[in-house]
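In what follows, a structure is listed as structure tokens, so that the remarks can point back to it.
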Amino acid sequence: MAYMDEHHYLLIIGYLEGKISEEETQYLLQKVQTDKEFSDAFEDIAEIWSARKAVPNNSIKAHDALNRLNKKIDQLDALPNEPVAQRINTLILKFRPLLAVAASVLLLACAFWFYNTLINNKPANALALIENRTAPGQKKKINLPDGTVVTLNASSSLRVAGNFGDEKREVYLDGEAFFDVKRNPQKPFIVHTGKVATQVLGTHFNVSAYANDSNIVVSLVQGKVQVDMNDDLSKRIILDPGKQMTYSKTDGQAHVTDFITEDITGWKANKLVFNYDSWTDAAKKLSRWYGIPVQLEDSTLLRCKLKGTFDNIPLTKVMEQIKMVSDISWKMQGNTMIISGKCN
């Protein structure tokens, strides 16, 4: 009998939480295909884990899975030619932690369901959100269960609704991401970004919605998207390819313009792009890209615009190239970059 070690158990839990890398995911799926006992254990854990989504529908399967795990422990006790002490140690080290955590997950799921359904009268999946995050300077590719691929930019987070794919496909974005949405006319794909909801059936588009930016920008590369603001149908915008909507958080107004695809999606290819960005926005972008605080020392810089593309080069080289074509200077003060100067 093959035993599941702690590393593989943590990989499975990480996969179900959406917290492992693409390489780890590929390894896990390969092992599921080649190791029958591992695949069975994976299914048991997944059934227990899925009980968090809707306990009334999944609790019976989850209890059955727990019973199967219990039987596997009982089978250990019947192994021949093993000292009793060794069998007990194997029992405790290999399966008891797994069973204990699985049982606690199921109990927690039941508690969540009871609280939400009976007390708050909310759907049981309201709390079931799987979150993916990126650090400053980091990018991450996320494969959603429906076949949609999301590329998450630096300093961003994507939360996936626990009922994703049941009737509709909903995600919640803080930051920037590029969406390659698998077409499914029966199940709309909706990206929530504050007061803006972008709905599609299958398409390629970019959404920039950092919490500390003044605008939310939806840029359509291919297909069609529907953008709703403040739940006001009279403000609905339908975008065609090559068009982008910019929504102002300040006044709640939106306008549609053309865009150049490379200017918006260059970050996916590690290109830092400034497309007549204000220095205020440029400083935020530099901070997210390189993971350090960036401050503007002179208020005159607030009126400046920055244009340029930098292909995967260090911050110091970026600043030196900017300095060559503009009247700015910069210095490091501890871990913070200070930029001073004025517009040309």
Neighbour-count order for Arg133, Arg236, fewest beta carbons within 10 angstrom listed first: Arg236, Arg133
Convex hull volume per residue for segment 128-263, taking Cα atoms only, in Å³: 107 Å³
Pairs from Lys139/Lys284; Lys235/Lys285; Lys139/Lys307 whose Cα-Cα separation, in the structure shown, is over 18 Å: Lys235/Lys285; Lys139/Lys307
For segment 189-220 versus segment 231-297, the gap between their alpha-carbon centres in whole angstrom: 11 Å
Stretchable slack from Ala135 to Glu297, in nm (0.36 nm times residue separation minus alpha-carbon distance): 55.8 nm
Under the Debye formula (equal points on every Cα, no solvent term), log10 I(q)/I(0) of segment 197-344 at q = 0.21 Å⁻¹: -1.30
Added length on full extension, which subtracts the Cα-Cα distance from 0.36 nm per residue, Lys317 to Asp40: 94.5 nm
Fewest-first sequence of Cys304, Cys343 by Cβ atoms within 10 Å of each Cβ: Cys343, Cys304
Computed lengthening from Ser21 to Lys235, 0.36 nm per intervening residue step minus Cα-Cα distance: 73.1 nm
Footprinting exposure proxy for Asp40, Asp231 (fewest neighbouring C-beta atoms within 10 Å first): Asp231, Asp40
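Throughout, read-outs are computed from the coordinates displayed, never taken from laboratory work. Since this is a predicted model, take the numbers as computed values, not measurements. No Cβ is skipped: glycine too gets one built from the backbone with ideal geometry, and neighbour counts run over all protein chains shown.
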